[in-house]
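Every number here is computed from the coordinates shown, using simple stated rules; none is lab data. Treat the numbers as computed from the prediction; the structure is a model and nothing was measured. Cβ placement follows ideal geometry from the backbone for every residue including glycine, while neighbour counts extend to all protein chains displayed.
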């Protein structure tokens with residue numbers, strides 16, 4: 001019995017394979033509506049446009065992936081931070097999300113993000129809170145898991161109060 005090599009993939013009859021060219025750019029911000037369109041395509045939740053505009057205004061920069069001919073947004077990541085010591089990678093997404101094409105776009109977004117941070121803020125540390133599906137990609141990009149687990153804390157909505165929170169173990173330890 002001889003093995004027959006598999007036939008190369010060919011698109012449905014009468015169609016040519018599409019060679020999509022993507023351009024990666026650093027931009028100060030993008031339109032909130034355009035971001036929400038990408039969220040919808042990528043399966044992410046749509047966000048409030050007023051809050052997005054404010055978030056983009058206070059971001060350090062955004063890295064976009066766009067189709068060359070149509071300028072359609074197919075990938076996005078943004079940087080927040082103090083611009084000197086810390087930068088955080090936020091809103092990493094690509095369309096289509098669960099495909100080799102989407103993974104390749106995310107990889108290039110991360111590389112361009114890192115290059116821009118190193119160019120503009122050479123001593124800056126980069127951090128991120130990753131979605132489980134992006135963890136392997138970030139590890140390949142030389143990000144490391146926090147060895148002590150997550151050391152971050154969150155303040156829930158409406159958690160701003162002038163009165164101190166009362167925890168029995170803390171209240172007992174405080175001198176009166």
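Normalised by 2.2 N^0.38 Å, where N is the number of residues, the C-alpha radius of gyration of the stretch 22-142 stands at 0.99.
Within the stretch 82-105, find all residues whose amide N lies under 18 Å from a label point positioned 7 Å from the Cα of residue 127 along Cα-to-beta-carbon. Only 82-92 pass the distance filter. Gain on full extension, evaluated as 0.36 nm per residue between residue 99 and residue 148 minus their Cα-Cα distance, stands at 14.4 nm.
Label positions at residue 72 and residue 27, each projected 7 Å from the Cα along the C-beta direction, are separated by 1.5 nm. Taking 4 °C and 1.567 mPa s as conditions, the stretch 75-140 diffuses translationally at an estimated 107 µm²/s according to Stokes-Einstein applied to its Kirkwood radius (Cα pairs).
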